[in-house]
Amino acid sequence: RLPDWFKTDPKLKGQKPTPQQEDDQKRAVQSRAANYDVFPILTEWRYRITPPEGFALRALPEDKKTAMGPALLTQHYEQDAQGTITADLRFSTGKPQYTADEVLALRDAVLATYKQEMIMVLFDQQGAKLLAAGKPREALAADRARIEKHPNEALPHVQMAYALLKVGMGDRARAEALRATQLDPKSAVAFKTLGWMCQFNGLGMQRSEGFDWDCASAAYKKAMELDPDDTNTLINLAILDEYDHSGERYSAHAALTDAVRLFRSLLDKDKDTGEQYRDNLLYDLLYSNQYKDLLLELGKVASSVNRDALGISATVALEGGPKGIAAGIDRADHLAAGADGRNSALAAAGNQLIYLRMYPEAAEMLAASVQGQSDSAATTQRIGIFRQLARWNETYLPASDPSSAVQRMMLAAMTGQFTEKLANDLLARHAYGSDLEWQRNIEKSLESRGMLHTMAEHANLPASVLLDLIAGNIKLSAEGSDASGYKIAMHSIGAKTQNFFVVKEDGRYKIVTEGSTPSEAGNEALYLLSSGRDSEAHSLLDWMRDRMHKGGGDDPLSGPLLPRFWTVGDAADRKAMQHAAAALVGGNSSIRGLLPALQADWKNAANEQERLNLALLLSDGYNTVEDGAALKPVSAEVLAKYPDSYTAIQHAGNADRLLKNWNDWNSMLDAQLARHPDDEILLRLKARSAEAQGNFALDRATLQRLFDNGKAGSNDYNAYGWSALFDGKIDADVIKNAQQANLLTHNGNFNELHTLACLYAAQGRTTEARDLLLKAMTQQNLSEPNSAIWYGLGSIYEQYGVPDAAIEAYRKVEKPEGPIDATSTWLLAQARLKALGTS
């Protein structure tokens, strides 16, 4: 028999009583008799919950006993072997009489319980739960099994898409989402999923090279058509509109006016949610050049440093030039945020104006933000650069300028506009020894697509701004003539001077080489000589010789071969030029056709020095074409004259390797090491010998001697780790040494990052492996995987239990041209393909 006011309390109706009502109610209780008769209540609720198929219980709610004055509420939860959840709730009033204080205690407890959230029993999709537990293979298998069980349902494909994206298989995630939309064309969830998946490239990197903006936009629009009330889809589409097709945010090519329209419609539809994206609207107005509308919007919202900065930027941009700069600083001076707030807003406005490519105005805002403060040299330099910077208006040098080929090649590679046709227009075809070599060079250049955006991300600048900085500051100087060829020097801001050799062929100026690949110059020189263009060949050899110096140190035979055959300013003797050109292609397939003549010249050499030089060139050549029988006598002669030369020992070892004379090779190296047991170069040669013989345990043991002697470098630690991929002996020491290689290179070298990634993949540490592969790509400015990365991805996909994806990745590992090293990535890929039952 509780009082009526207890049962009809305003709190129980969701209304809060006034303090006066609270006092009146308590006095009413306390003024009554000491005890209240209570109608005894014992009530129980039982719920049984069967988990949805493919879902697993996250965790049972905790059992509880809640005292409510003298009354008691108990909760008990359990799960049976079939997975069914049972929830038992029991309420008992307890004793038959309550005191006034007990009545109040019950009342307060009832009100407190009423305010609590509902009791939640949560389930995770099974695949997602396994992924969260670090079990991608099991997660994908679970999702795959659900698809096989329900092949015509869309939802399992949606779930698989998210799982595949999580593990970095973006192309397959997109395919699963697309399949979901085909199975259920009226599913907003399926189209929303497709919209999300299309924002990632094949490696699962969001808005990076290879993502599909058009697909994402169309899918989101379809999802909104199917479910107009879903504000999340609207938000996702609006944010997508802030990016262009290259993945750059707020660029001139982004659909910012559409983003503005969508964010405004969000504010109309759901003001609370819309307010969370108010700043998106403001930024979109700025970068779509709607400056007046932006200032009007700013007048409606509370101030902040970023919003103050937007106001300054809009004010500057409205007028531009000196008037705009003065107006912007005046607005900053009238901010209510104080000196610190003023300076922060000016600095932010400077950065916003950089995005708008209003460089002089940006520089003045940055300068005003540090006025009167001790300015760092870096800030002063940055301000100076932007004061002088102008937009690049895509002006190219005329084709009649020999520097034009260099300018066009560099900018095309950076902006992703490089094509095979452009390669034919700008690159000297005769600099490549074979069609395969030419094609590989084009493919390598094509890998640079998206490089500008990768570099811009590193520099924390928009790609358009970085292009202005690079293209606007390229200085090209040319020396030479059509008859002699041209030496082109390219100076660019923040980069070392690059040098190129350019010739005129087929009426066009074409790049021969930038010097880092000697065979390009050698092949071109041979072609020029065969075409009677001796003057150009002579000039090219002089140019290359300037970049190469004779070897020195303990080994009299070390160093590049060109200095042995050519001195700058030598007379144009054709035989000398032919030998010099051959010296540049000793490691290239084109040496094959030159070997008979070089062999004859070696036999008929006029003196011992000429014979030695030709023997070294022949040794390189025979090793390149893998002719051990021809290499053996030549290298033996050199070794006999220079028994302590590392170069001679290496050539002799190459002959034994090609002939598989393992005893001869081992005996030679062991004899040398007996005399010089701690010689680091000899130990490396011994390790290489062990690799060639497939004895990777000996390889690592030999490298360990370098570690113990304190003479190892990052390459040695890296080689130790890499070797374990060939015999599968990946233990703690292997991982430790691969990690040491990365520490020594400050996690900034492609080879070291790649090795550790592949080792982690082989161990099943797929998350760490993938992160390192992506970091290695970033270090090399790769927008797409190269052969090395494809091998690592294949290894990861094997661990995921997706063999067809692994096979596809391994097949993208290209076979090297020429001799295949015993530790070639291609050999690893071939071994894995064989293990997977294919080739």
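Per-structure values
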quantity: Rounded Å value of the spacing that divides the Cα centres of the stretch 295-330 and the stretch 545-582; calculated: 64
quantity: Cα-based Rg of the chain normalised by 2.2 N^0.38 Å, two decimals; calculated: 1.30
quantity: Debye log10 I(q)/I(0) at q = 0.16, 0.28 Å⁻¹ for the stretch 167-225, Cα point scatterers; calculated: -0.41, -1.06
quantity: Semi-axis lengths, Å, the stretch 240-286, gyration tensor of Cα atoms, sqrt of 5 times eigenvalues; calculated: 21, 9, 8
quantity: Lysine pairs in the stretch 120-252 with Cα atoms under 19 Å, if 8 or more residues apart or on separate chains; calculated: 7
quantity: Where N is the number of residues in the stretch 453-525, Cα Rg divided by 2.2 N^0.38 Å; calculated: 1.36
quantity: Residue-normalised accessible area of the stretch 112-271, expressed per residue, 1.4 Å probe, Å²; calculated: 49
quantity: Protein accessible area in the stretch 571-722, 1.4 Å probe - carbon and sulfur %; calculated: 49
quantity: Partner lysines for Lys632 [C-alpha distance under 24 Å; skip if fewer than 8 residues away on the same chain]; calculated: Lys603, Lys641, Lys660, Lys686
quantity: Those lysines that a straight Cα-Cα span of less than 19 Å connects to Lys504, excepting residues fewer than 8 apart in one chain; calculated: Lys421, Lys487
quantity: Unit Cα scatterers, Debye sum, the stretch 30-158: log10 I(q)/I(0) for q = 0.12 Å⁻¹; calculated: -0.65
quantity: Check: the chain dipole with +1 on Lys, Arg Cβ and -1 on Asp, Glu Cβ, in debye; calculated: 1200
quantity: Leading residue at positive end of dipole, the chain (Cβ point charges), from Ser539, Ala254, Ala652; calculated: Ala254
quantity: Stretch gain in nm, segment His676-Ala571, where the contour uses 0.36 nm per residue and the Cα spacing is subtracted; calculated: 33.4 nm
quantity: For the stretch 404-447: accessible area per residue (Å², 1.4 Å); calculated: 42
quantity: Residue-by-residue Karplus 3J(HN,Hα) for the stretch 115-131, coefficients 6.51, -1.76, 1.60, Hz, glycine and proline x; calculated: 6, 5, 5, 4, 7, 9, 10, 9, 10, 10, 4, 4, x, 5, 5, 5, 4
quantity: In sequence order, calculated HN-Hα J values of the stretch 480-487 (Karplus, 6.51, -1.76, 1.60; Hz; x Gly/Pro); calculated: x, 8, 4, 6, 10, x, 10, 9
quantity: Alpha-carbon radius of gyration plus Dmax, which is the widest Cα pair, for the stretch 626-680 in Å; calculated: 10.9, 32
quantity: Geometric extent, Cα atoms of the stretch 431-582 - Rg, Dmax (angstrom); calculated: 18.0, 53
quantity: Solvent-accessible area, 1.4 Å probe, carbon plus sulfur percent, for the stretch 450-562; calculated: 47
quantity: Radius of gyration and Dmax over the Cα atoms of the stretch 621-712, both given in Å; calculated: 13.0, 38
quantity: Karplus (6.51, -1.76, 1.60) ³J(HN,Hα), θ = phi - 60°, over the stretch 537-546, in Hz, Gly and Pro reported as x; calculated: 4, 4, 5, 5, 5, 4, 4, 5, 4, 4
quantity: Cross-link partners of Lys300 among aspartates and glutamates (Cα-Cα below 16 Å; sequence separation of 8 or more within a chain); calculated: Asp268, Asp272, Glu275, Asp279, Asp308
quantity: Sites Met118 and Asp272, calculated FRET efficiency, Cβ-Cβ separation with R0 22 Å, nearest 0.05; calculated: 0.50
quantity: Per residue, the convex hull volume that the Cα atoms of the stretch 494-616 enclose (Å³); calculated: 130
quantity: Exposure rule at most 10 other beta-carbon atoms within 10 Å, DSSP loop GluC sites (Glu not before Pro): the chain longest free segment; calculated: 395-839
quantity: log₁₀ of I(q)/I(0) at q = 0.19, 0.23, 0.28 Å⁻¹ - the stretch 662-731, Debye sum with one point per alpha carbon; calculated: -0.70, -0.99, -1.30
quantity: Within the stretch 321-352: backbone nitrogen closer than 15 Å to the Thr379 label point (7 Å, Cα to C-beta); calculated: 339-351
quantity: Förster-model FRET efficiency, 45 Å R0, Phe707 and Ser477, C-beta, rounded to 0.05; calculated: 0.40
quantity: Rg over Rh [alpha-carbon atoms, Kirkwood Rh] for the stretch 298-413; calculated: 1.14
quantity: Isolated Cys in the chain, by beta carbon distance under 4.7 Å; calculated: Cys758
quantity: Å² of accessible area per residue within the stretch 680-738, as computed with a 1.4 Å probe and no ligands counted; calculated: 40
quantity: Trypsin sites (Lys or Arg not before Pro) within the stretch 522-557, DSSP loop, no more than 12 other Cβ atoms inside 10 Å; calculated: Lys550
quantity: Helix-only CD estimate at 222 nm, as mean residue ellipticity for the chain, using -39500 (n - 2.57) per DSSP H run (n ≥ 4); calculated: -18000 deg cm²/dmol
quantity: Sites Leu422 and Glu608 - FRET efficiency at Förster radius 60 Å, r taken between beta-carbons, to 0.05; calculated: 0.75
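The values are calculated or read from the model by the stated rules, or taken from the named source; none is laboratory data. Remember, it's a predicted structure, so these values are computed and weren't measured experimentally. Glycine gets a Cβ as well: all are built from the backbone with ideal geometry, and neighbour counts include every protein chain shown. For accessibility, only protein heavy atoms count, side chains too; no ligands or nucleic acids. Shrake-Rupley method; radii C 1.70, N 1.55, O 1.52, S 1.80 Å.
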